[in-house]
RNA sequence: GCCCGGGUGGCGAAAUCGGCAGACGCAACGGACUUAAAAUCCGUUAUCCGCAAGGGUGUGCGGGUUCAAUUCCCGCCCCGGGCACCA
């Protein structure tokens, strides 16, 4: 049969339509006897276009899903839409279109692109987080958290633009100014907002990471540890001189407390307003405003002496109380003791303001300095510290904390950097927070039977003034569920990270209208066997979703502790040396890719060009190469399909090709099971094709059959369309993903013999073809007899001979 | 400042357990086919010296361990990312 020309568009469209027409094709089996496998790619925001960055994520997941099907797993591989969020609202302001309409239009388009790419999703399980059927369960779970005290209200600052007279999201703040008014500085405004008590789970989130080790990338775990930021220290009460009032400070170095030369309060500390009155307080106010406009890192240290003094409970020393702009109210107790001799920041502050510097810790092998030139922050031996003098820092920390506890002026304490999760957004396009504000009854939860609280349609978007929801009277004006009096609905909506914190549970039971999901289904599918997404979600999404899982477990909704057993974070797709973005105009959409090269080429190229965890530069020439390669395989298969059925005796070419085939089966299987270096899997597959081209004329019929069938199966996870087509071309019935993965025969893969390298003083001088298992003695003898080896030995005396079986002989000579 | 990654040909990369550095692909060059071009097929391609045979050098830099180091250890430099006055 003559070879066929690879017409990617016709072939891919044909199979795309057939696959779409079979809704059960990519669906998991009910009551399956197969082992389950849940593979998940992070759901996209429906921005309007699927681009080559998305495709990398999905190509990895899809290759894995298809491989697992072929390996006999019952695979769950769903997809959905993270559909709430700011861009829809911005589009509404700009184009006078409803956010929902804009979003749904985008979803339709992107779903078409998804289908055209041929990813093996069970679309029957699709979810979109902006649908009331979905977000009602956000509201329902939020109410359960409220009942457990895990959702609460408190004052917090928001970004405020005076010109828009509206709240800005962090993303809408550009260089400290409003995104729509480039020279209007953003101000801080206090509002009452909702928080989720993630800090209650800080310790468990940290501890449970031990179980994730090995399954999650180290860098993600490191980032999460950093984010949670546990630190062990001591809280100590200083006394406000002349009163019984206590000032509690937090320190990790109580062993240095004899060197404390002042106490510094955060500007927002409650005591500040009490100690600094009248005109002076204006300076504190200025400090707070200054901090709000500055990014962290470029704040210069400023202080203000209050005139008051505090007494150190360990040595009754009297020290001045200062206000410092670098002391954070949100961490520890909002007050610190400054030990300039042993802390760099305190040193800088005290030097500036002429506050004394007293060293009290010396290096283990050194002495206390006569004059402190720089802070010594390491552990050492405590000096000039009363009864503690001579102890190591570690011992002193422990014993001094114990004393504080015993005497009642403090205790050891653990502080976390992670803060409670503020979820209130003064926005329209998000889940309405299900609460009602009643003058009589206060903050009243919406009863379960009134859920969902549905977003109203036809809202005006001006981008100014109150939140759009606050301007819809039908939405705002309600009766109090408790007393029936006129009341007002909460108009804030939830952070969209709420939506993505549990969406992967809903895939298991996406049509359930009486509960978020059926626990039995979760027990079957969870944890997710493999989660795949961008590293930019290493902290927020991936911590929030871990937190949400633990809350749902404690609510009795599920039994698993963690959502995800294994996580993979793929690298970014770079175009022309820069991250793709609309601003740079270097975004390549899936449509462009498909039209030029086809879905298979795009996927194959992105998997081949770099290992998946690394950043990838998308180049046209590279894509062309992948196209050429698929074409090369396709032509080989089509022109040899007839030969499959011709009889023939085994040939030498058969043996070589089968050997390579089985080596490649092993290689690709191992890559899937361990490293995921699909770039090397595909390289090995290319070597196999090169081998086939070299021996094409001399292959026997039975081996042609064997090889054609297996190369199609091996390539299928990476380029599914062309493989489905080739499977049909060789007269087999699909679908390919339900065929068994080729088995590896170690006997056939074996090389004829070993090639042993001969070295003299570590340099390769010759090589020997020998039988496997040739003994050390024989190898050594052969090496010593080798002409090249002899000439490089140059008659010098042999020091020793290293022999590694089947690998090398290294003759070490003197000189 | 702290915590992660990474640094190998003209380019993307490979070397999975300390054992041939550069597999595979791109680009380039040469050949075959063609009236010609494209496509395709075959070949060459780290670098220096050499006509060649062959030899030297080479994985960011400097040391070390080892018969042997891209790989392990110590100290630096550069690039990317995260956190950042967290007491």
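Only helices (runs of 4 or more DSSP H) whose full extent lies in region A:519-600 are considered here, and none of them has at least 3 residues that are over 23 Å from residue A:422 (Cβ atoms) and within 16 Å of RNA strand B (Cβ to nearest atom).
Residue by residue, here is whether (1) buried (at least 16 other Cβ atoms within 10 Å of the Cβ); (2) outside the structural domain of residue A:156 (by TED's automatic domain parsing); (3) modelled with pLDDT of 90 or more holds:
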{"site": "A:189", "(1), (2), (3)": "no, no, no"}
{"site": "A:208", "(1), (2), (3)": "no, yes, yes"}
{"site": "A:214", "(1), (2), (3)": "no, yes, no"}
{"site": "A:219", "(1), (2), (3)": "no, yes, no"}
{"site": "A:222", "(1), (2), (3)": "no, yes, no"}
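Note on region A:598-634: residues that are over 27 Å from residue A:675 (Cβ atoms) and buried (at least 16 other Cβ atoms within 10 Å of the Cβ) amount to 3. Across region A:227-253, the number of residues qualifying as under 33 Å from the mean Cα position of the chain (by Cα) and exposed (fewer than 13 other Cβ atoms within 10 Å of the Cβ) comes to 1.
(1) surrounded by 16 or more Cβ atoms within 10 Å (Cβ to Cβ); (2) in the same structural domain as residue A:344 (by TED's automatic domain parsing); (3) away from RNA strand B (no atom under 14 Å from the Cβ): which one isn't true of residue A:265, the others all being true? For residue A:265, the failing item is (3). Mind checking which pairs have a first residue in region A:684-711 that is assigned by TED's automatic domain parsing to the domain that holds residue A:660 and under 26 Å from residue A:609 (Cα atoms) and a second that is near RNA strand B (Cβ under 9 Å from one of its atoms) and assigned to a helix (DSSP H, G or I), Cβ under 6 Å, 6 or more apart or different chains? Close Cβ pairs (under 6 Å, with a partner that is near RNA strand B (Cβ under 9 Å from one of its atoms) and assigned to a helix (DSSP H, G or I)) amount to A:684/A:667. Of the residues making up region A:310-326, those that are in a strand (DSSP E or B) and in contact with a helix residue (DSSP H, G or I) (Cβ under 7 Å, 6 or more places away or on another chain) number 3. Listed by first and then second residue, the pairs with beta-carbon distance under 8 Å, at least 6 apart or on different chains, first residue in region A:612-633 and over 20 Å from residue A:571 (Cβ atoms), second in a helix (DSSP H, G or I) and near RNA strand B (Cβ under 6 Å from one of its atoms), are A:629/A:686; A:632/A:693.
The selection criterion, being in contact (Cβ under 8 Å) with a residue 24 or more places away in the chain, within 16 Å of RNA strand B (Cβ to nearest atom), outside any helix (DSSP H, G or I) and under 42 Å from the mean Cα position of the chain (by Cα), holds for residue A:744. Checking each residue in region A:761-777 for being near RNA strand B (Cβ under 9 Å from one of its atoms) and over 46 Å from the mean Cα position of the chain (by Cα) picks out A:761, A:765, A:766, A:767. The requirement of being modelled with pLDDT of 90 or more, buried (at least 16 other Cβ atoms within 10 Å of the Cβ) and within 16 Å of RNA strand B (Cβ to nearest atom) is not satisfied by residue A:195.
Does region A:786-802 contain at least one residue that is within 30 Å of residue A:60 (Cα to Cα), part of a helix (DSSP H, G or I) and either within 49 Å of the chain's Cα centre (by Cα) or not assigned by TED's automatic domain parsing to the domain that holds residue A:61 (or both)? Looking for residues that are within 30 Å of residue A:60 (Cα to Cα), part of a helix (DSSP H, G or I) and either within 49 Å of the chain's Cα centre (by Cα) or not assigned by TED's automatic domain parsing to the domain that holds residue A:61 (or both), one finds none in region A:786-802, hence no. Number of residues in region A:333-351 that are more than 11 Å from RNA strand B (Cβ to nearest atom) and surrounded by fewer than 23 Cβ atoms within 10 Å (Cβ to Cβ): the value is 1. When each of A:505, A:524, A:531 is tested for being surrounded by fewer than 20 Cβ atoms within 10 Å (Cβ to Cβ), at pLDDT 95 or above and either closer than 21 Å to residue A:121 by Cβ or outside the structural domain of residue A:634 (by TED's automatic domain parsing) (or both), the lone residue that passes is A:524.
The values are calculated or read from the model by the stated rules, or taken from the named source; none is laboratory data. Small disclaimer: the values here were computed from a predicted structure and weren't measured. FYI the Cβ positions are ideal-geometry reconstructions off the backbone, even for glycines, and counts take in every protein chain you see.
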